[in-house]
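The values are calculated or read from the model by the stated rules, or taken from the named source; none is laboratory data. Quantities reported herein were computed from a predicted structural model and do not represent experimental measurements. Cβ placement follows ideal geometry from the backbone for every residue including glycine, while neighbour counts extend to all protein chains displayed.
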Amino acid sequence: MDWIVTVDVPSTQQVATSSNDTHGIMVEFLEFPPRLHQLEVNSHDGNQATKLTIVWGDDAALSVQNNYPKTSVDIQLDEETERGDIEGEFTCENNDTVPWSYVNDNWDDCGDNSDEGVDESEIPDSVFEFSGEVNSDHEHEVLVGDIELRIGSEDSETEEFNYSLSMNIGDSTANLTDAEDDGFVSAGDNYSVTTNSSSANDLEVRFYDNWSQSYTGGPLPGFEVFLLLGALVLAALRRNTLFPR
Ligand SMILES: [Ca+2]
Ligand SMILES: [Ca+2]
């Protein structure tokens with residue numbers, strides 16, 4: 001291939017062009033010593049075109065768009081949920097005491113039925129503990145410091161996720177244990193969350209990158225952890241109904 005080279009001294013632009021039977025090529029240099037600025041290849045029939053432009057200095061900028069929706073790290077979890085005991089006991093009118101979980105479970109545990117029909121406001125919040133372990137399917141290496149764990153519930157009417165109970169890993173109520181202390185989320189690591197929220201049976205745990213400011217768009221499938229607390233746990237607590245003594 002023969003090349004035609006032009007030089008424009010005032011602008012330091014040097015352009016080399018050439019072509020073969022099918023394509024033409026243009027290479028442009030700027031500055032001195034020359035720096036590659038542009039490389040362009042076009043087919044003579046106009047159907048193919050490739051253009052590479054290199055910028056530097058003030059023309060180039062690299063920034064993180066932190067208003068992008070938070071995407072979550074893809075954490076594979078085996079989950080467990082557990083409703084913790086309410087501390088202390090309920091005192092019956094006959095001064096017997098029974099565990100708080102026996103209150104309002106449709107079974108007369110006190111003997112005088114005073115543990116039934118108790119105003120819900122009288123019942124202390126119970127502590128729920130959610131926990132999960134990163135299972136062996138987990139492949140993505142994510143720095144522990146790059147994720148945060150968010151807890152919330154979905155508004156059943158608007159289907160918007162409400163992060164009113166969200167918290168960062170490291171808060172006293174949300175923890176991720178880096179089992180091998182390798183700095184990465186890896187199989188065997190586990191998280192736990194405790195809350196006394198009365199809406200705990202609706203709660204859901206999601207993991208997010210912590211660099212982004214926006215939670216819009218919701219998490220992508222695969223890193224949601226649905227905690228099926230409500231029905232299962234409450235059914236278990238209604239053991240008197242299921243398994244009358
Ligand atoms: Ca009862
Ligand atoms: Ca780890």
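Restricted to the range 101-143, and to residues that are closer than 16 Å to VAL193 by Cα and outside any loop (DSSP other than H, G, I, E, B), which residue is nearest to ligand 2 (Cβ to nearest atom)? By that ranking, first place goes to VAL134. Tell me, yes or no, whether the range 23-39 has at least one residue that is at pLDDT 85 or above, of a type in the set (Val, Ile, Thr) and not assigned by TED's automatic domain parsing to the domain that holds PHE130. For the range 23-39, residues at pLDDT 85 or above, of a type in the set (Val, Ile, Thr) and not assigned by TED's automatic domain parsing to the domain that holds PHE130: present. Quick check: is even one residue across the range 64-72 surrounded by 18 or more Cβ atoms within 10 Å (Cβ to Cβ), more than 14 Å from ASP189 (Cα to Cα) and modelled with pLDDT under 70? Yes, the conditions are met somewhere in the range 64-72.
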